[in-house]
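Engineer: Here it is, the structure, as structure tokens.
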Amino acid sequence: MLARYLRYLQVFLPAVFAGVLLYLLDMSIEHFDDSRQMWVGWSGFFMLLLLFKFQLFKCPPWRFLFILLAGFLAIRYILWRSLDSLIYTGPLDFTAMALLFLAEMYAISIHFLGMFVNLWPMRNRPALLPDDKNQYPTVDVFIPTYNESEDIVRITALASTQLDYPKDKLNIYICDDGGTVNKRSHPELGMEAWERHYRLRRLAAELGVNYLTRETNRSAKAGNLNHALNHTKGELILVLDCDHVPTRDFLTRTVEYFLADPKLFLVQTPHFFINPTPVEKGLAGVGNPNGENDMFYKEIHRSLDFWNSSYFCGSAALLRRTCLEEVGGISGKTITEDAETAFLLHSRGYNSAYMDRPMICGLSPESYHDYVLQRRRWAQGMTQLLVMNNPLLAPGLSLHQRLCYFNSCFYWLFGFARFTYFVAPACFLILGLRVYHASLPQILSIVVPYILSTFIVMDFFYGRARQPFFSEIYESVEAMFLMPAVVSVFLNPHQPSFKVTPKGQKMDSDFLNPLAVIFFFIIVVNLVAMGMGVVKWFAFPILHDTLIVTGAWCSYNLYLALATLGAFWERKQIRHFHRVNVSEPVKVSIPRLGLEVEGEVTDLSLTGLAFRVQLPFPPASQERVMLEVGDSYGSTYHFEAKLQRIITRGDMYNCGSEFLLDDKKYAEAVAYMYGDSQRWLDMWLAKSRSHGTLRMLGHFIRMGAKGARLCTTMFWEMAQGYWQKHKGNRVIKIILRTARIA
Amino acid sequence: MRRHIAWFLVALSLPLPAFALTQQIALEKFSSHPVMTLTCIGDEQSLDIPIPDRWTIKKINLTLHYTSSNNLIADLAQLGVKLNTIPVAQFKLNPASPDMTVELALPVQYLEPGYNRLAFRVAQHFMTRECERPCSPDLWTAVNLKDSVLSIEYEEKPVPLSLASVSDFMFDPKVFPEGHVNLITEDRSSDALTVLGMTASGIARRFDYRNVTFSVSRDLQPGADNVLVGRRAFVSSFLAGHGLSLGNTEGGYLKILPMPGAKATAMPTTTGAQEPGAEAPTDPNHALLVVTGEQYDHVKLAAATLANLSYGFPGAPELTAHKLRMPDVPEYAGREVVRANKTYDFKTLNFSTTSFKGINPSGKVINFRLPVDFLIKQNLTAKLNLHFSYGAGMRETSALNVVVNDKVVRAIHLGDKDGGYFENYVIDIPTYLFRPGSNTIAFGVELQPSLKECDLALMGNMFLTIFENSSLTFPDMPHFVELPKLELFMLNGFPFTRWPDGFESKIYMAGDDDASVTAMLNLIGLITQKNGFPLLGLQVDREPPTAKWKGDLIVIGPPASVPQEFRARSPLSVGNKTEIPYPVVRDWEGEYTIAYSTQSNHLGGDRGYLMEFESPFEPGRTVVVMAAENSSSLLKLSMALMEPEVQAQAQGGIMLVETGAQHTKPKVTSFQIGTRYTTGKAGKSSQVESFLYDHPYLYYVLIVLLTLSFALALYWALQRYRASRKLGRSAGK
């Protein structure tokens, strides 16, 4: 009885406090004058800043204090915005104002959902397998592949064979969708499919793994996995994208969860990428920044785990077969089959868990095109889930799971908000539409503290995983391309089809992606708006307050758009295998000199490593060396290599070496390069935190300037090319003549 | 012998319809500025001189004091005086004697009852052979309105014995310097005082903005208009004593009667003996107005009817009022009050179609009021929708300036040389430029000819016309104000005029002597004139108010008569061992640091105070105490409150007015004191909100405590849940 009352009290008490706080907030919005509003707003903000600086407030219960204070500022803003700043001044004004308000409400909803989701992230959840190996469940490893190169598949399959798990309980399957019967029967592309089919079959035989293919490519990846499900019988399924190379300890660190919780259907692990996305490459220049998906895997997924809402991300996850079979396998209604499957299983009361240790190493898309393709798929898939399954109303989920799924889906509408923010000040400055009714004191006392608080909140939640302003840049880059894709889902939820993200692509030169053109438009719009602002400054002195606000807004938009342009600059990628920066000991033997010295590995890849050593004599180019390296498990690896590059720094030599590998050594190299999850973890955690907001700000300004310069050069060259091609054109001549006269 | 001659002369004068009276009044009284400055090469400005209907002007002289620039050229500079557009005098502006006082007799035949325009026009130059800038700073003439005096000799006309004369003859706003009316009442009961207050309010309303003082007596006051208020029995008997009678009637009853002269007891006979009971001749220049009815409800009906006699009907000397249906009075309505979300055309705002002509036309102002408890929102805009046209051939630098409360909000460029006509030229004016209470929107026009210097300037095309169908719309705002603020009380009687008829307001009269009652009537008259609506819903009570009273309250009387509950709340209490506040240091926000002295004291004579504080009976409701040591001081206080200088100094929660002879003008000390409280639209406010508003630091502490509690409650609620999420061996262990 007491427990029941306590349970009620657990819900009732926070609700009462929330209600009273809301009442007090409403009172302040309704009755407080500017000076008091200023006091409330800025004292709240500085209090938040103070809490942010203390480690104590990173963990509950004090963490909740920080979150509630941030919520206080946000609700205060919503109340003011909704009750005081929506004023009808005409149909066009109203339309523009309503769109901006909707965009803001969207952003605030995401802000609140983010605060809710991140209330109490799960951390450090160790799990170890029992000593009795008979208790181990059988595991099937599925490596779905479609058009990736054999090299990529080989590494992943090879690394799978090296998993620390009883071999009699482990079965590995290459699930090939590039060599299906349908593909092989294609009159034009059939030969290529046949070749691939044979290559992968040979590869499977060579590595001692299984090869599976099917009749058709129906339901894309989901169909491929379901086909494999039907032809296998392992109790647990490890799904690995073909470019996701597992570490040896993947299963020993995850299987235990399934033994502990019979209702567990999923253990998801982070996707760890060794190459940057094109956007990350564009943003490079400040230390060793976090990867774009680090925010999701380092922070958000931990928080989702707390709410039992960690979902399947398509790869690097262990699933329970019986659960999958209960829902008919991997779901294929949406093009994010992974999240949809997890959603269905959560709806049936099954649990999920997240292991926050990177245990696979993968590849990000190399080009903007591939990057956008991947993000578009995610956006469309999650929007499909929102439209077709509506997490808020779907049966079976708990309230917090609903909110978590809704957040994950709803997030992908950010394109609307971002675009609206880009053009809203111009609506006023150029078209004269009154989209935001606020005076300067209101902006200063309510809006600015709130906006600044959102930056602090972002840093509080995600600071370990994302540098300041990176989110804005990422969102800006993606917004313009995702918006039409998301709209198309709303218009026809069943239309999107699964498109495989190409991996391991190479690019021979730097160039500006043509997708950047949209940002030229945004830059021009905001520049014109600022020009109009200057004109209005002198023509309408009464609008000075408004012009200060909109001018600042335009400047921020301009800054963001310029920085985004910088990010659109595609860097060349000529390496086949990506190098990773490490700092590990190495023993280097140079047989010719009879020397054996200790050095430091500075970077490594599957094909070689770079090291730094102190030598009495300079090594020769193409020198053969013997390298002895180790991993965190205590294993030692010996590789023969030849020096390809030597850079002298006094008596220190930075040498780049290439392994000389036969098949056996290749497997060793894979084990060395990809087998050690501690290395990935160290790299993951070593990703730098912020270098200071101002430094980041400066970096992005420089980046924007560079982007603008490069883009202008590119357009100039395009214009020259056009001129050379059309200089005889009559219209061009007329334009030139007119210009001369002018 | 001399005494006989004197009595003879008095007796001779009585039957005469009128005798000459004289009024001297500075022109400053007809303007809002003490100096009228005429600039540029040509300028004209005017004053409106009111001439009451009941005056027959015999002679009117103007003593004009002006100062002109000593850079002017005497042959080319002159000041003209026009009366109702007719030139009546002109003076050379001589730089050798720039400071001049001249006397001139204004032709009486050009004067008419009503408002007469007295205009001053200059033509002035400071160059002869070279081109001059038309608005050079050298070109100015200033008429000193303070020292310029109008001396009027007039006779009073007989009062027409028709109720039509109530509307504009007896109670005429054009009378100056002020109106005066004597009231006679049946007794000093609550009902009698309530109808007396209604009657006084109605009369004050008829006087419009002109100050009116009341007196209360047991008998008729000679030489003044008298109003007899009471039930029929009392009125009949009173009139019978003066040889007058009432007609037979039901309901409310109004009648205008000739003003009886003094009783024969006061009149000497030619033989020197007195003839008892004989009636003296009536005073035709004044009238006796009777406001009566069978019962008090009828008398109230009659008083309310009197308050509404706004034009010349009925022409008969009496009327019986059966019923009065007042319009639905919206909250916050009142004189010149612009209500939210309502569009007012300029004509309604007393701005008829106006053309600004010539090189230096005078500006024009729209005066209006906003409800004094408006919480002005920062991000709203009022909409000014202008229709205007302007002439062709003007220089591009010509502009129409729109000025709100002395802040320029828009200069409209008159850039089309072919002239222009604009409809729906909308200007959005941020509401933060407005303030609760009085506001102005001024239109200033700069018209310049499109000519080079020395070209022949034709001014006929230089005009700008603003049409009266232009409009102003003010957005809705919340009603929320922090009190005490006596300045709002002085502005329009707030909060007693929240409902303009004084609904939910009451006066508690502690004293019943003539002076105290007169002070009450003066206060009622003041509030009525400020708000422009008769206080027909205001109650007067002789019993101390009880906790049942949930409205606003005015307490009038000596300090000792203020009920104990109110004294406990009031910022100043007079008597034994009371705490008296003394302001010590004034900070930048105009707030005083207050020292409190506990003392036994008396207020003393020739001074009184006004205090405002929250009612102990209802949060958000107000009590205003008007108190003085004795009734004569109270009366003086009420008279002093009518002075604009006194009103302008009112602020905060207390206002002490010293009216002793040592002060040429009443001396006012006022400052913010007392517990602050808030009031909303309905007058009531949430006790919690009001308390937290008044104690902001408590508000902040409460927020912090609640957030902390919320955080802990959340932690408690989530801890158990989190334990269930621990999987794997480590959880078991």
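Engineer: What is the average number of partner chain Cβ atoms found within 10 Å of a Cβ in A:13-20?
Structural biologist: Working: counts 7, 10, 2, 4, 10, 4, 1, 5.
Taking all residues of A:13-20 together, the mean is 5.
Engineer: Let me ask something additional. Note down the net charge around A:Pro541, summing +1 for each Lys or Arg and -1 for each Asp or Glu among other residues with Cβ under 15 Å from its Cβ.
Structural biologist: On the way: positive: A:Lys536, B:Lys407, B:Arg410; negative: A:Asp545, B:Asp406, B:Asp428.
Computed value for this residue: 0.
Engineer: A follow-up question, please. Which percentage, to the nearest 5, of the DSSP beta bridges contained in chain A is antiparallel?
Structural biologist: On the way: 51 of 71 bridges.
Approximately 70 percent, going by the DSSP bridge assignments.
Engineer: Run the reach check for A:Lys333 against lysines, Cα to Cα strictly under 17 Å, same-chain hits fewer than 8 apart removed. What comes back?
Structural biologist: Straight-line reach from A:Lys333, under 17 Å: A:Lys221, A:Lys499.
Engineer: Using the structure shown, select from B:Lys29/B:Lys530; A:Lys587/A:Lys665; A:Lys133/A:Lys263; B:Lys300/B:Lys485 the pairs with a Cα to Cα distance greater than 28 angstrom.
Structural biologist: Flagged as over cut-off: B:Lys300/B:Lys485.
Engineer: Rank the residues B:Glu446, B:Glu543 as a footprinting-exposure proxy: fewest other Cβ atoms within 10 Å of their Cβ go first. The partial results should precede the final answer.
Structural biologist: Numbers: B:Glu446 19, B:Glu543 8.
Final ranking by Cβ density, sparse to dense: B:Glu543, B:Glu446.
Engineer: Hey, another quick one. For chain B, count all C-alpha to C-alpha pairs, find those more than 44 Å apart, and express that count as a whole percent of the total. Walk me through the numbers before you get to the answer.
Structural biologist: Numbers: 103298 of 268278 pairs.
Beyond 44 Å sits 39 percent of the P(r) for chain B.
Engineer: Something else now. Where in chain B is the longest stretch that carries no chymotrypsin sites (Phe, Trp or Tyr not before Pro) classed as loop by DSSP and with at most 12 other Cβ atoms within 10 Å? Working shown, then result.
Structural biologist: On the way: sites that count: B:Phe19, B:Tyr209, B:Tyr311, B:Trp588.
In chain B, the maximal stretch lacking such sites is B:312-587.
Engineer: Once you average over the residues of B:378-385, how many Cβ atoms of partner chains fall within 10 Å of each Cβ? Don't skip to the answer; put the middle values down first.
Structural biologist: Numbers: counts 14, 14, 6, 5, 0, 1, 0, 0.
Per-residue shielding by partner chains comes out at 5.
Engineer: Next question, about the same structure. Taking loop as defined by DSSP and a crowding limit of 12 other beta carbons within 10 Å, which chymotrypsin sites (Phe, Trp or Tyr not before Pro) in the stretch A:48-119 fit? Provide the component values of the computation, followed by the final result.
Structural biologist: Values: sites: A:Phe52, A:Phe54, A:Phe57, A:Trp62, A:Phe64, A:Phe66, A:Phe72, A:Tyr77, A:Trp80, A:Tyr88, A:Phe94, A:Phe101, A:Tyr106, A:Phe112, A:Phe116; in loops: A:Phe54, A:Tyr88.
Listed in order of number, the matching sites are A:Phe54, A:Tyr88.
Engineer: A further question on this structure: Only counting other Cβ atoms within 10 Å, I'd like A:Cys427, A:Cys59, B:Cys135, A:Cys175 sorted with the fewest neighbours first. Before the final figure, lay out each step's value.
Structural biologist: On the way: A:Cys427 24, A:Cys59 12, B:Cys135 16, A:Cys175 28.
Ascending number of Cβ neighbours within 10 Å: A:Cys59, B:Cys135, A:Cys427, A:Cys175.
Engineer: Another question about this same structure. Around B:Leu239, with a cut-off of 11 angstrom between Cβ atoms, what is the net charge of the other residues, counting Lys and Arg +1 and Asp and Glu -1?
Structural biologist: Working: positive: B:Arg232, B:Lys255; negative: none.
Computed value for this residue: +2.
Engineer: While we're here: Going from the alpha-carbon gyration tensor of the stretch B:127-205, what semi-axes, largest first and in whole Å, does one get by taking the root of 5 times each eigenvalue?
Structural biologist: On the way: eigenvalues 513, 59, 30 Å².
They are 51, 17, 12 Å, listed from largest to smallest.
Engineer: Would you calculate a helix-derived [θ] at 222 nm for chain B, using -39,500 (n - 2.57) for each DSSP H run of n ≥ 4 and dividing by the full residue count, to the nearest 500? Walk me through the numbers on the way to the answer.
Structural biologist: Working: 12 runs with 137 residues, N = 733.
My calculation for chain B gives -5500 deg cm²/dmol from helical runs alone.
Engineer: While we're looking at this one, here's another question. Checking the table B:Lys82/B:Lys364; B:Lys342/B:Lys417; A:Lys536/B:Lys383 against a 27 Å threshold on Cα-Cα, which pairs fail?
Structural biologist: Numbers: B:Lys82/B:Lys364 20 Å; B:Lys342/B:Lys417 36 Å; A:Lys536/B:Lys383 19 Å.
Listed pairs above 27 Å: B:Lys342/B:Lys417.
Engineer: List every DSSP H helix in chain A whose Cα atoms extend 27 Å or more along the helix's own long axis and whose mean Kyte-Doolittle hydropathy is at least -1.0. Could the numbers behind the result be given before it?
Structural biologist: On the way: long enough: A:2-31 (42 Å, 1.03); A:34-53 (28 Å, 0.60); A:62-84 (32 Å, 1.17); A:91-117 (38 Å, 1.53); A:470-491 (31 Å, 1.31); A:517-539 (33 Å, 2.26); A:544-567 (34 Å, 0.83); A:693-726 (48 Å, -0.24).
Membrane-span-like by this rule: A:2-31, A:34-53, A:62-84, A:91-117, A:470-491, A:517-539, A:544-567, A:693-726.
Engineer: Give, in whole angstrom and from largest to smallest, the semi-axes √(5λ) of the equivalent ellipsoid of the stretch A:17-117, with λ running over the eigenvalues of the Cα gyration tensor. Walk me through the numbers on the way to the answer.
Structural biologist: Working: eigenvalues 158, 58, 27 Å².
In descending order the semi-axes read 28, 17, 12 Å.
Engineer: While we're looking at this one, here's another question. What is the local net charge at A:Leu660, summed over the other residues whose Cβ is closer than 11 Å to its Cβ (Lys, Arg +1; Asp, Glu -1)? Before the final figure, lay out each step's value.
Structural biologist: On the way: positive: A:Arg624, A:Lys642, A:Lys665; negative: A:Glu640, A:Glu658, A:Asp662.
With Lys, Arg at +1 and Asp, Glu at -1, the net is 0.
Engineer: Using a 10 Å cut-off on Cβ to Cβ distances, tally the other chain neighbours for every residue of B:698-710 and report the average as a whole number. Provide the component values of the computation, followed by the final result.
Structural biologist: Numbers: counts 0, 6, 7, 0, 3, 10, 4, 1, 10, 12, 6, 7, 14.
The shielding value for this peptide is 6.
Engineer: Using helices alone, what [θ] at 222 nm do you get for chain A, with -39,500 (n - 2.57) per DSSP H run of 4 or more residues, divided over all residues and rounded to the nearest 500?
Structural biologist: Numbers: 24 runs with 377 residues, N = 742.
Value at 222 nm, helices only, nearest 500: -17000 deg cm²/dmol.
All of the numbers you see were taken from the coordinates with simple rules; none came from a lab. Computed from a predicted structure; not experimentally measured. Positions of Cβ are backbone-derived with ideal geometry, glycine not excepted, and every protein chain shown enters the neighbour counts.
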